[in-house]
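Participant: Dropping the structure in here first, questions after.
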Amino acid sequence: MPNIRKEIMISVSSTETRIAILEEGNLVELFFENLENERMVGDIYKGRVSNVVEAVHAAFIEIGLEQNGFLSFSDLGERVMEYSALAETVETEEPEQPSQPHRRPRRFDRHRSERRNRTFLKPRQEILVQIAKEPIGGKGARLTAAISLPGRFCVLVPNDVTVGVSKKIESDHERHRLRKIAKQLCPPGFGLIVRTVASGKDSEILKTDFDNLIKTWRKIEERAKLEKAPKLMHKDMGITSSVIRDLFSPDISRVMVDSKKLHAEIREYLAEVSPGLMPKVELYRDHVPLFDHYKIEDQIEKCLSRKIWLKRGGSIVFDQAEAMTVIDVNSGRSVGHRDHELNAYETDLEAAREIGRQLRLRDIGGIVTIDFIDLKSDKHRRQIIHELYRELKKDQAVFDILPMNDFGLVSLTRERVRPSVLIRYSESCPRCEGLGRVPSKSMMLTKLEKRIHKVKAESGERRFVLKTHPDFATFLSQGFNSRIRQYMLKYFVVIKIVTDEAMKEEDFELVSAKEEKKKKKGFLGLTSGS
């Protein structure tokens with residue numbers, strides 16, 4: 001794969017900090033942080049067990065946030081099964097154990113661990129936990145008791161014995177060298193994962209990073225002994241610092257910052273850990289806003305749209321629900337060839353590349369189902385999956401893809417660490433309450449007619465007051481033979497329309513004229529009496 005030009009753009013305003021990751025000028029990842037949406041992944045708490053629920057193999061932990069955290073029994077194991085925050089694939093080495101020759105080491109038995117740990121937790125028990133996934137919607141944070149502390153070059157794993165080296169380091173010789181250094185550094189009772197950016201670094205640099213992590217852990221231990229739960233024990237770096245720590249590697253061509261203060265802070269940090277990267281950090285001085293100059297704002301607007309148009313005329317439609325996301329690929333105006341199969345294949349191929357990029361950019365996690373345009377050729381189907389897989393390999397998040405089925409559907413899962421960009425950048429519509437649609441006029445007319453029939457039958461009255469939004473009032477009263485006139489003639493009633501802009505367009509209130517008169521008298525009496 002050819003080298004891709006990667007850049008990090010950081011824009012600071014009075015309300016928030018935004019970080020954009022670009023590949024060949026295209027926005028592929030977006031992070032932002034403000035006082036209301038601080039990064040929480042990696043934060044360590046001393047929590048109190050609220051209750052243990054055997055049915056879901058989990059416990060709910062009070063950590064001082066609005067919602068209790070969720071701790072699965074499987075996350076109480078003695079080993080760290082994954083490093084969630086900006087995860088890297090690692091090659092691990094276990095301590096030698098007596099076993100038969102040529103047999104594979106025994107894998108971690110999740111269910112056996114759950115059975116052992118379900119009796120470990122008791123209500124009101126205090127336990128040290130770390131946030132693995134931020135709260136999403138009405139769900140509390142996902143917690144783990146397998147603590148990990150990330151540094152620039154290493155990840156310290158207390159209460160573990162695993163020594164790992166990132167598989168992204170291609171050289172076998174370099175991985176062997178780094179593993180040897182890690183074994184020498186790591187004291188009993190600690191595990192260590194060596195990160196990709198450690199490639200080529202000498203043992204002194206790794207030791208400095210490791211010593212800082214050990215000091216941090218000792219402070220957490222001391223504080224945990226003194227403080228009462230629920231209490232924050234350790235706040236991980238903010239989003240800007242964590243991006244520089246975790247993503248600013250030698251393959252990044254430059255980092256552009258529009259804040260003098262943040263520019264100085266980044267250079268000061270790099271001077272200690274990676275002086276060679278300092279020349280790549282630039283201060284943006286132009287009067288045109290940074291994100292406007294590099295057309296990042298336009299790409300952000302595009303990633304919030306439900307529909308995205310492709311260059312060949314096709315389109316992709318995103319529908320995000322709470323549990324999953326459905327993506328539909330349409331041919332639209334795409335008519336490149338007379339051959340339908342070839343035309344569909346080329347549209348699907350372009351869509352696969354864009355979907356892979358959009359999943360990263362929109363930070364969509366959980367279950368994703370993609371409805372590609374139907375293809376008859378098995379070769380074409382495999383190529384679509386290969387293209388999607390190749391695009392997602394650039395992603396830091398863990399993912400898994402299933403083959404395309406006979407209906408042209410592809411299902412995949414992507415690691416969910418934080419709410420998607422759509423959730424973070426928007427609020428649920430107060431009118432439709434998140435449904436995305438509002439009742440049609442015909443449905444509202446049917447509902448109103450039934451209401452007139454019911455109220456007349458129950459009250460025996462013939463004079464009514466209808467309160468509704470001005471738009472619906474106009475719709476009802478248009479023309480001489482208006483809809484409201486038709487209802488009055490049909491049911492032999494008189495209906496007076498009163499408008500209220502505070503009401504939703506699809507809402508109305510129908511009461512008898514007598515009731516309305518009583519309400520007004522009561523209101524006037526209350527006003528004069530006060």
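Participant: May I ask you to list pairs of residues, at least six apart or on different chains, whose Cβ atoms are under 6 Å apart, with the first in the stretch 404-418 being without any contact (Cβ under 8 Å) to a residue 60 or more places away in the chain and the second being of a type in the set (Asp, Glu)?
Facilitator: That search, which allows pairs on different chains as well, returns Gly408/Asp374; Leu409/Asp371; Thr413/Asp400.
Participant: Test Thr347 against the criterion of being part of a helix (DSSP H, G or I) and at negative phi, and give yes or no.
Facilitator: Taking the combined requirement at face value, the residue satisfies it.
Participant: Same structure, new question: Go through (1) of a type in the set (S, T, N, Q); (2) exposed (fewer than 15 other Cβ atoms within 10 Å of the Cβ); (3) over 27 Å from Ile131 (Cβ atoms) one by one and return the number of the condition Ser411 breaks.
Facilitator: Only one criterion is unmet by Ser411, namely (2).
Participant: Could you list, in sequence order, all residues of the stretch 158-180 that are of a type outside the set (D, E, K, R) and surrounded by 15 or more Cβ atoms within 10 Å (Cβ to Cβ)?
Facilitator: If the condition is that a residue be of a type outside the set (D, E, K, R) and surrounded by 15 or more Cβ atoms within 10 Å (Cβ to Cβ), then Pro158, Val161, Thr162, Val163, Gly164, Val165, Ser166, Ile169, Leu178 are the ones that fit.
Participant: Something else: Give the stretch 439-458 a look and list any residue that's surrounded by fewer than 15 Cβ atoms within 10 Å (Cβ to Cβ) and of a type in the set (A, V, I, L, M, F, W, C), or say none.
Facilitator: Met443, Ala457
Participant: Among the numbered criteria (1) surrounded by fewer than 17 Cβ atoms within 10 Å (Cβ to Cβ); (2) under 18 Å from Glu29 (Cβ atoms); (3) in the same structural domain as Ser377 (by TED's automatic domain parsing), which single criterion is violated by Thr325?
Facilitator: (1)
Participant: Among the residues of the stretch 498-530 satisfying the criterion of being surrounded by 14 or more Cβ atoms within 10 Å (Cβ to Cβ) and among the β-branched types (Val, Ile, Thr), which is modelled with the highest pLDDT?
Facilitator: Thr499
Participant: Here is a further query. For Ser249, are the conditions met, namely being hydroxyl-bearing (Ser, Thr, Tyr), under 26 Å from the mean Cα position of the chain (by Cα) and buried (at least 17 other Cβ atoms within 10 Å of the Cβ)?
Facilitator: No.
Participant: Among the numbered criteria (1) at pLDDT 90 or above; (2) surrounded by 18 or more Cβ atoms within 10 Å (Cβ to Cβ), which one does Ser274 miss?
Facilitator: So the condition that Ser274 fails would be (1).
Participant: Inside the stretch 276-331, counting only strands (runs of 3 or more DSSP E) that do not spill past its ends, which hold 3 or more residues that are of a type outside the set (Lys, Arg) and more than 30 Å from Ile136 (Cβ to Cβ)?
Facilitator: 281-283
Participant: Is at least one residue of the stretch 204-220 within 32 Å of the chain's Cα centre (by Cα), hydroxyl-bearing (Ser, Thr, Tyr), in a helix (DSSP H, G or I) and surrounded by 13 or more Cβ atoms within 10 Å (Cβ to Cβ)?
Facilitator: yes
Participant: Do you know which of the residues in the stretch 366-405 that are aromatic (Phe, Trp, Tyr) and surrounded by 16 or more Cβ atoms within 10 Å (Cβ to Cβ) is farthest from Ser315 (Cα to Cα)?
Facilitator: Out of the qualifying residues, it is Phe399.
The values are calculated or read from the model by the stated rules, or taken from the named source; none is laboratory data. A quick note: this is a predicted structure, and the numbers were derived from the prediction, not measured. Ideal geometry is used to build each Cβ from the backbone, glycine not excepted, and the neighbour counts take in all protein chains shown.
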